[in-house]
Every structure is written in structure tokens, then in C-alpha cells.
């Protein structure tokens, strides 16, 4: 029998089920058939590319490893060891960890409880050209909104110029165009952001804020300049997890620069060997001179596995998922990597 169990990305283990004396469905705490399980985020979205391990609670030993598909599901066969205590399922995606103890399956479906985003401290600041705040709001994330004229704990300059304030967060998202507001304090801010990432924090910046990530890690990305004309383009999803998350579509259409603006967008010319390009496109029709595949979204870890990540995107934040479905879905996956 094929049964469905939905497991959420929660840091607190779910309560184990207790079998009745005559409940044959538990089958001595042994899974008695192939089982499909899901790791989810939000009310409607599975998490693609999550790493999942199943362990025997009697011994603590891990006996199965899986990776979720584009809808957040993974398939388990029925060849599990007997266990008096049950099993622990652990899923990992970026900073998020799922832990759920399962004694057995007693019904065909168990309602999901989805990702508890309170567990990761995110701060976001809108730029003059896009809004990571709107994007995170549409994803139902909990986060701290930073503003130039905000109160102390939400004041962008206070957070960026005081390492103690910055260290209260794990992820920092900076919208396009913020560098103009930060310019008078840029040297101090860059030094603090470098320390932040070295200590494990992650930074995301979009479009015109490229100068921030360039200064944080010189040589990681080289820019052709703010020379891209606004317009639609088919993009290539280099990253297999992103392709899976977008239902296997390898070349969705996305818009470069905001829908209501005629401004140009920042074009990446080349990246260093350790920078992973997630999304690229042939955008020659939007450039003054022909070019090959242009990197659009990229991620790297300047301090290795011990530090955090930097993500830069020439694609601006999509905001509402109903307006920019494919771009929004891509950004949801990108946020989970920070």
C-alpha cells in the first residue's frame, strides 16, 4: 500500500504516534509499504532539493538518504529495519532543519505543518528599484524591515555600522539601488559585512547594489556596467534544483528591470571560478553589443564552508507571486539557500 506522510521543516520534533493494541497498521513499528513524504514551506509549496536522512531511533544509525524532488517529495521503499521506538526523519535545506519522529503510519494522509521561518533571523531593506520586503512578505516570512530613517533596531545605517546589531541577524537582503544611500559610510559597512559573512551570515544584493558585493569580495564578479535595456528574456536555469522547482522548465521567461521602469539594469561580464551561476541568459537583444551567456543569479562562499554565502542577482525582486510566478518561485528557492 502506498501511503502519504507530510513532514514540515520544524526545529521541534513532532509528537510520536502511539499505536492501539489491535492496530495492525503499525506492523510492529515497521513501514509496511512504499511511502511518499513531503517537506514543505508555506501552505502551498514543497521544498526542492532538500537533503533527507532516516534514522532508527533504537540505534541512532542512519540507514537511508534521499533528496526531495521539485514538489518537495521523496520516495521511501518498504525495506526498513524493525524498530521498537520508531524512526527519525531529518530534512535539511540551507539553514533550515526538519526533525520529525515517526513511530508508524496509521492513516493515509497527515496534514502538513509548514516551515517555521521564525527560526532564521532575516533583515531586509528596500532599494530605490525593487523590494525584497514585498517578496519576503508574499512568502510569509518573519523578518526585520530596515529603513534609512527607521528606529534604532530597524535603522539600516545603525545595523550596518554596528557589528553587534548586524550580528543579531543571520541573513541580510539588500534591494537594488541601496548603495547610493550607503555611500558616505561604505568603507565601514563593507568591513562589517565582510566580518558578518566570515562569521556565518549571508548577504543577498540585487541589480544596482552590485557595488556592495563587489567591494565585499573583490574579483568575484566583474561588471560590464549598468548597460542592460529593460525587457523580457528566456533564461537558462543552470542549477538542477531550480529546474526541478519550476516543474522541469529549463528556460522560463523573466523580465529584467522592473515592469514600470525604463531604467537600465546591471550586467555581469564574468565571474570567478568559485562562483556558482544559478541562472544565465543570452541577453544580446538587450545589450549595446552582442554577448554570450550572461550570468544573472549567482552564489558563492568567500570564506569556505565555515562562512556564509553571498548571492547577487541582476533580476530584481518579483514581489507578488500572482504577478511574477516563475520569478517568484525562483526567488523562494534562492532565499532558502541564504
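The values are calculated or read from the model by the stated rules, or taken from the named source; none is laboratory data. All values derive from a computational prediction rather than experimental measurement. Because the Cβ atoms are built from the backbone with ideal geometry, glycine has one as well, and the counts that use them run over all protein chains shown.
From the list 74, 63, the one residue that fits, being modelled with pLDDT of 55 or more, touching a strand residue (DSSP E or B) at 6+ places or on another chain (Cβ under 9 Å), buried (at least 16 other Cβ atoms within 10 Å of the Cβ) and not in a loop (DSSP other than H, G, I, E, B), is 74. Residues that are farther than 25 Å from residue 257 by Cβ, within 23 Å of the chain's Cα centre (by Cα) and modelled with pLDDT under 85 within segment 120-153 comprise 140, 142, listed in sequence order. Criterion first (closer than 30 Å to residue 338 by Cα, in contact with a helix residue (DSSP H, G or I) (Cβ under 9 Å, 6 or more places away or on another chain) and at pLDDT 65 or above) does residue 52 satisfy it? Taking the combined requirement at face value, the residue does not satisfy it. Of the residues making up segment 189-209, just one is closer than 19 Å to residue 270 by Cβ and out of contact with any helix residue (DSSP H, G or I) (no Cβ under 8 Å at 6 or more places or on another chain), namely 207. When residue 215 is tested against (1) buried (at least 19 other Cβ atoms within 10 Å of the Cβ); (2) under 25 Å from residue 156 (Cα atoms), only condition (1) is not met. Within segment 134-161, if we keep just the residues that are free of Cβ contacts under 8 Å to residues at least 12 places away in the same chain and within 17 Å of residue 183 (Cα to Cα), the residue that is surrounded by the most Cβ atoms within 10 Å (Cβ to Cβ) turns out to be 155.
Within this structure, residue 185 fails the test of being closer than 25 Å to residue 122 by Cα, at pLDDT below 90 and over 21 Å from the mean Cα position of the chain (by Cα). Looking across segment 263-298, just one residue is more than 25 Å from the chain's Cα centre (by Cα), outside any loop (DSSP other than H, G, I, E, B), surrounded by fewer than 19 Cβ atoms within 10 Å (Cβ to Cβ) and touching a residue at least 40 places away in the same chain (Cβ under 8 Å), and that is 285.
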